[in-house]
Structure formats: structure tokens, C-alpha cells
Amino acid sequence: MNVSDLRGILAYIPQFREKVFVIAIDGAIVACENFSNIVLDLAVLRSVSIKVVLVHGIAHQLKQLSILLNTQLSNTTGIGVTDQKTYELSLMASSNVTFQILEALSTSDLRACATNAIVAHPFGIVGGIDYQLTGRIKKIDVSFIEYLLQKNIIPVIGPIGYDGEGKSYRINSDSVAQFVAESLQAEKLIYLTPYPGILNGEGKLIRELDVSSALEFHKTFSKDMAEPIRSKLEHAIHACKNGVNRVHILDGRMDEALLSEIFSNSGVGTMIYANQYESIRQARRKDIGSILKLIQEPIEADEILPRKGTDIARDLPFYYVFERDNQIVGCIAVYPYPKTSQAELACLSVAKNYENQGIGRKLIRFAEKLSSEQGFKQLFLLSTRAYLYFMQKGGFKEADPSILPLERKLKYEKNGRRSKVLYKSLNG
Ligand SMILES: CC(C)(COP(=O)(O)OP(=O)(O)OC[C@H]1O[C@@H](n2cnc3c(N)ncnc32)[C@H](O)[C@@H]1OP(=O)(O)O)[C@@H](O)C(=O)NCCC(=O)NCCS
């Protein structure tokens, strides 16, 4: 790891601090060579105050036990019928995997605890089939898990549910993870699997799918998908529809997959995300307080020209806000200079917790579209500290201050900030 990796990680910390990540690890991944690296990655997540809940599967270990003990399994996934023998082997496999995880976490000095947080009932008889010792999740003991998280203890949850009357049941671990993530309203649910993620019809990895596209994809391709990955996709869709923002399906065999997916914009697996309500709209008088809050830090850091509430009120028709789920998380101003057919992009700011999610770029594109629709031929801006951002992410080019409209040039010369002048031509 080099210093720039660390800087990259630090940029995400305000967004993720104290948030809950449910990490679901397939039994095959606990058994693979890379598991010790995953544990180190978990230590990194904990060190930046991300609350981690671990859920694990057992299919791999169950199959191994059945070979070792020469026993026929009624089912390996916890979805079909669980007969008495399979149930007994499931308990054995689950205890072994939980123990292995606890042991590995302790090597990184991480405190963890095996839990009985899944409250379950028998799945029952469905379509004439008695599912015997397969369970159905009734609820998750959220306060218990939250208590552990509060004490900096990682809850470890196996695919076994308890009915509170001395009986337990085999549950599918993908659905355990989905239920836990929904009940805790987790920021992320991450499945670590022995698959690269979700592949499209041509075998190429799909990086991102919003939940509606994921549903469409499932409709078309589910019959061609490997069962474990189809199961992850179905649970991911469910979780996204029920309050989990993002679900990631990653190759747990890959070194640093977890950190790369969480702490970079590109990612390495497939991310399925909830459709969030987003809009950019003209600012209203009641938004002035939120805008001032958004620009306060950048003003103090000399990133944005100082403005007061009265300045914003005067120029209100030129201000726009970015709303996500009814919260103002970004702003921008677009000033017109009709005489020279130019518009100025100004006062771009994104709330710290929402940085690196493409909101800045959406606001820039909005400013371009708006200026173009209003008939302007060129969008320019002045920047002291974010000029590389506008050049690298927004496609702006550096220019001489002489391109500025006269009245703007006079202000530029007067304020002495020596900002860089950038511009972009607008086509039609
Ligand atoms: C600059 C700012 C608007 C970016 O908003 P954002 O929503 O986080 O930006 P995006 O999500 O579109 O882009 C993030 C990318 O830009 C990069 N980036 C962010 N600020 C940068 C800067 N000052 N210089 C170079 N790159 C920068 C990020 O590292 C990230 O790169 P990656 O995609 O390769 O990982 C935001 O950081 C902000 O409000 N800064 C303070 C105010 C400011 O400087 N405004 C400009 C006034 S002229």
C-alpha cells in the first residue's frame, strides 16, 4: 500500500464513519487462502469507525463434511428440505466456521462474538413438501446486535435461527444477511463469493445496476445464472427495495477486493443500488440557510469566493440546489453574461458526506445544459483550488483572464485571488 491509497481511503471516511456494513462471507471464502487478507481489510474498516456485522455461509463446509462422513445431504443451501442428518451437519459446519472466523479476527485484535440474533420458525409444509428443519426468519434481534456494535464488538451470525423454545433451524445465509442489513438499515450489504460478480450475456462483469435494471436483468437472465449468484442478486434487489442503499457482490478470492470496492469510485465487483430520489432545482428563499451551510467550509478554505446570505438572496434566480431524498446536499450558481454569450459557473459545493458520488459532475453537466439551452456559447469559471477537478472531471480548459466579460474581469482584478480561469465551449 502506498500513501496515496491511504489518502484515497481517508476521503471516504466522513461518508462512512459510524455506518453499518453487513458483510456476508460464503463458507467457500472462509476456507480460501485470501480469508486472512479479508480479516486485515476488516481491521481497516473498523479502524475508520465503520461498524461491521459478519454473516457467514456453510455450504462449502457442509459438502466437505458429507464427503468425510459419507452422509447424503437433503440440501446444501438452506433453501430446500433440511432433514435431521443435514441439520446436524449444518450445526457442526456452522460452529466450525464461526470458530474459524472468531479465531482469525483475534489475530487482528478484533473483538467479536457469536450470536443467536436470528429468531426463526419452521419453514413448514409448502406445496405438500415438508421442509422439516429448514427455518424461516421471523425477526432479527436488532437491539442485541446494536448493543454489540456500540461496544465495538463484531457480531458474527451463522445460518442458524432460534425459535426461543429450545429449537433451531437451518436458514439460507444470503437471506440472513439481507434480513440483518434491512433490520439495521445498513449503509452497505457486501456479499463475498467465489464469483467475480454478475456477468452480462457476453460474460463481461457488470459494475453497477440500479434496482430496476437489476430486476429487468433478473427477469431475462436468471435461468442462465449460477444458483449462488442468482440468490445474491435476488437478495440484493430485496435489500435495496427495503432501505439498504447499496449491495455489492464481490470476488472474495481476490486480494483487496473489499477495500477497492468500498474506497474507490470504480469498484471491482457488481454494485446494486437503491433508486434514490434526486433532483436539481432552482433555489428558493428558504434554501438560503442550507446553501450557506454548504459553502461555509469551502469559503474558510478559500475554495469559494466569500458570500453572505444577502448576496445569495439578491442572486437567488441564478442559484440551484441538488436534493437527494429531500435533503439539500449540493449547490451551484450559473450567472448569465448575455452581451458576450457567456455564462459563469460558480459556487459549486457538495456536502462532505456526499462527496465522490458524482454529484459535483452532475451539477457541472446541469450548468452546461442550462447555459446551452439559454443560448450561451461558452461556460467559464474561476477556481483557486479545484481547477484540476474541473479540468480532469469536467473537461474544462485553462484560459487567459482576457476571455472574461469586462465586468467580471474588473472584479477578478480587484479581488486579487489570482484564480485560474477555465472555460468550456458549448455546442448548440
Ligand atoms: C470539488 C467538489 C465540488 C467535488 O464534488 P464531488 O461531488 O465530490 O465530485 P465528483 O463525485 O463528481 O468527483 C469526484 C472525483 O473528483 C476528484 N476531486 C475532488 N476534488 C478534487 C480537486 N479539488 N482536485 C482534483 N480532483 C478532485 C475526487 O478525487 C474524485 O476522483 P475519482 O472519481 O477519480 O475517485 C467538492 O469536493 C466540493 O464541494 N469541494 C469544496 C468546494 C469547491 O472547491 N468548489 C469548487 C469551487 S470553484
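The values are calculated or read from the model by the stated rules, or taken from the named source; none is laboratory data. It should be emphasised that the depicted structure is a prediction, and the values quoted were computed from it without experimental measurement. With ideal geometry, Cβ positions are generated from the backbone for all residues, glycine too; neighbour counts draw on all protein chains shown. Just so you know, the surface numbers come from the protein's heavy atoms only, side chains and all, with ligands and any DNA or RNA stripped out. Shrake-Rupley method; radii C 1.70, N 1.55, O 1.52, S 1.80 Å.
Listed values, structure above:
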item	result
Cα gyration tensor shape for the stretch 278-425, rounded if a/c is under 1.5, else prolate or oblate	rounded
Modelled FRET efficiency - R0 30 Å, ALA313 with LYS377, Cβ distances, 0.05 increments	0.50
Computed E for MET92/ASN275 - FRET, C-beta separation, R0 41 angstrom, nearest 0.05	0.45
Gyration tensor verdict on the stretch 52-169 (Cα atoms; rounded if a/c is under 1.5, prolate if a/b is larger than b/c, oblate otherwise)	oblate
Isotropically averaged projected area of the chain, using the convex hull of Cα atoms (one quarter of hull area), nm²	25.0 nm²
Stokes-Einstein D in µm²/s, Kirkwood radius over Cα pairs - the stretch 154-307 at 10 °C with 1.306 mPa s viscosity	88 µm²/s
For the chain: relative contact order, % (alpha-carbon pairs under 8 angstrom, 6 or more apart)	13 percent
Karplus-derived HN-Hα couplings along the stretch 124-130 (A = 6.51, B = -1.76, C = 1.60, θ = phi - 60°), whole Hz, x at Gly and Pro	x, 9, 10, x, x, 9, 8
Centre separation in Å (Cα based) which lies between the stretch 257-276 and the stretch 314-338	29 Å
Calculated [θ] (222 nm, deg cm²/dmol) that DSSP helices of n ≥ 4 give over the chain, each run adding -39,500 (n - 2.57)	-12000 deg cm²/dmol
Table column - 3J(HN,Hα) (Hz), the stretch 355-363, Karplus curve with 6.51, -1.76, 1.60, x for Gly and Pro	5, 6, 10, x, 5, x, 5, 5, 5
Cα long-axis angle, helix 84-107 against the chain (0 to 90 degrees, to the nearest 10)	50 degrees
For peptides 119-128, 105-114, 379-388, sequence by mean Cβ density within 10 Å, most packed first	379-388, 105-114, 119-128
Probe 1.4 Å, all protein chains present, accessible-area order of GLU227, GLU368, largest first	GLU227, GLU368
Distant-in-sequence amide H partners of ALA283 (H built 1.01 Å from N, under 5 Å)	TYR319, TYR320, VAL321
Label-reachable residues, the stretch 264-295, where backbone N falls under 14 Å from a point 7 Å from LYS352's Cα toward its Cβ	293-295
C-alpha center-to-center spacing [the stretch 77-132, the stretch 190-240] in angstrom	24 Å
